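Below is one structure, written out as structure tokens, with a few remarks after it.
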Amino acid sequence: VSDFKEVGETIKKSKRVLLTSHENPDGDAIGSMLGLGLGLESLGKEVFLYNKDGVPSHLEFLPGSDRVRSALDSIPGVFDSTLIVDCTDVGRVGEGFQDELGSGRFGTSIIIDHHQTRKPSADLHLLVPDASATGEIVYFLLRCLSVELTKDVATNLFAAILSDTGSFQYSNTTPQALRVAAELVELGASPAEISQAIYENEPLRKIRLLALSIETLEVAEDGRIASLVVAKDMLDRTGASRADTEGFVNIPRSIKGVEVALVFRQEGDALWKVSLRSKGKVNVASLAENFGGGGHERAAGCTLSGELGDVKRRLYSKIKEALCWKA
Ligand SMILES: [Mn+2]
């Protein structure tokens, strides 16, 4: 469903608006939330920003990020509408949010996202699967609302699109994504400054964690599958956090001949969060769905319980099946 008009009308009528996105947020989640929030403020809306996990340090440079609160209790009152960006499943906003959503405090709930869903979970939905990022949808939504896009809004939306297209490298880098990005640069977004802030600002602990994780590099199926492991003790040894594993999966993916790349991140003694990436031959979203996860064709995730060797076997056998159909 992509009804800009109905969503736009609901937003126009709202005075007090809560914006949120998924837990463990990425550049698109934060950038599109901040861009939309700042844009709506220029329309005179009272805007509140919430993310369960706050803003990751590499995104703290984004204008407005200091206003994101990580405790819902610290934001008082009732909202006319609640905008949930970059997140089709209200459950991913964080524990308890979905239950509270029906309490009447949050007004009309609106999901704005570029992912497909079979099971919409809000009152209204603005879903544009052709969009490269939620930031791209927000750009058009703000235009529909006649918001004048400031440099701060442009910076946030550019960061959102930059993140979700992998710096304009992934298959979702459409002509429209590039046109919107060009427009945002014209409005004052600086590609060089934004890229440097996001990609050349890693905490040392993250690189130390990567060094340990790279030791676990493993290839299988004639080099068509490659994986890394991030075990809990590696986090302890380096002082790194789970969020520091962001982007690790690009290392096995970058290897010549690899079709599917994985990172196994230990969440509990026998609990593994798996990130999957595909170069295009295997649809990793449907693969992840076998294990209760999901995502995009080329980027997906799931969580499996069991001993690592067993978890790998179960996943690899599904990947092998998928690879069998492709030369
Ligand atoms: Mn996104």
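The values are calculated or read from the model by the stated rules, or taken from the named source; none is laboratory data. Since the structure is predicted, the reported quantities are computational estimates derived from the model, not experimental observations. Note that we place each Cβ from the backbone using ideal geometry, even for glycine, and neighbour counts take in every protein chain shown. The accessibility values were calculated without ligands, DNA or RNA, using every heavy atom of the protein model including side chains. Shrake-Rupley method; radii C 1.70, N 1.55, O 1.52, S 1.80 Å.
So for the stretch 168-295, Kirkwood radius off the Cα pairs, Stokes-Einstein at 25 °C and 0.890 mPa s: how many µm² s⁻¹? Mind dumping the intermediate values first?
Details: Rh = 16.6 Å.
In µm²/s, the coefficient is 148.
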Exercise for review: Arrange the peptides 70-77, 293-300, 27-34, 154-161 so that the one whose residues have, on average, the most other Cβ atoms within 10 Å appears first.
Suggested key: 27-34, 154-161, 293-300, 70-77
Exercise for review: May I ask for the angle, rounded to the nearest 10°, between helix 204-214 and the longest principal axis of the chain, with both axes built from Cα atoms and the value confined to 0 to 90°?
Suggested key: 40 degrees
**Study point:** Dipole magnitude of the stretch 226-327 about its Cα centre (Cβ charges: Lys, Arg +1; Asp, Glu -1), debye to nearest 20
**Key:** 460 debye
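Order the following by accessible area, largest value first: CYS324, CYS87. Probe radius 1.4 Å; ligands, DNA and RNA are ignored.
Numbers: CYS324 105, CYS87 0 Å².
Greatest to least solvent exposure: CYS324, CYS87.
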Study note, to complete from the structure: For the chain (alpha-carbon point model, no solvent) the Debye-based log₁₀ I(q)/I(0) at q = 0.07, 0.14 Å⁻¹ works out to -0.28, -1.13
Check your understanding: About the Cα centre of the stretch 49-205, what is the dipole size in debye to 20, counting +1 per Lys and Arg Cβ and -1 per Asp and Glu Cβ, all else neutral?
Key -> 180 debye
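Calculate, in nm to one decimal, what GLU60 and ASP130 gain on full extension: separation in residues at 0.36 nm each, minus their alpha carbon distance. Mind dumping the intermediate values first?
Details: separation 70, 0.36 × 70 = 25.20 nm, distance 2.82 nm.
Using 0.36 nm per residue and subtracting the Cα-Cα distance, I get 22.4 nm.
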Revision key, fill the gap. Compactness summary of the stretch 235-327: radius of gyration and Dmax from Cα atoms, Å, are 13.2, 43
Practice item. At 7 Å along the Cα-to-beta-carbon direction for both ASP233 and SER305, put a label point, then send me their distance in nm to one decimal. Key: 2.4 nm
**Study point:** Computed E for ASP269/GLU186 - FRET, C-beta separation, R0 51 angstrom, nearest 0.05
**Key:** 0.45
Review point. Tell me, how many Å apart are the Cα centres for the stretch 250-327 and for the stretch 87-115?
Key: 28 Å
Check your understanding: Based on Cβ point charges of +1 for Lys and Arg and -1 for Asp and Glu, what charge dipole magnitude is obtained for the chain about its Cα centre, in debye rounded to the nearest 20?
Key -> 620 debye
Review point. If each of TRP325 and ILE255 carries a label point 7 Å out from its Cα toward its Cβ, how far apart are those two points in nm?
Key: 2.5 nm
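Starting from the Cα-Cα distance between ARG179 and ARG118, subtract it from 0.36 nm times their residue separation and give me the gain in nm to one decimal. Don't skip to the end; give the middle numbers.
Working: separation 61, 0.36 × 61 = 21.96 nm, distance 2.96 nm.
This chain segment gains 19.0 nm when fully extended.
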Check your understanding: Label-point separation (nm) for ILE207 and LYS281, each offset 7 Å from Cα along Cα-to-Cβ?
Key -> 3.4 nm
Practice item. For GLU307, tell me the accessible area in Å² from a 1.4 Å probe, rounded to the nearest 10. Key: 120 Å²
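Past 32 Å, Cα to Cα: identify those pairs from LYS52/LYS206; LYS151/LYS281; LYS151/LYS279, in the order given. Write down the numbers at each step before the final one.
Details: LYS52/LYS206 22 Å; LYS151/LYS281 39 Å; LYS151/LYS279 34 Å.
Result: LYS151/LYS281; LYS151/LYS279 exceed 32 Å.
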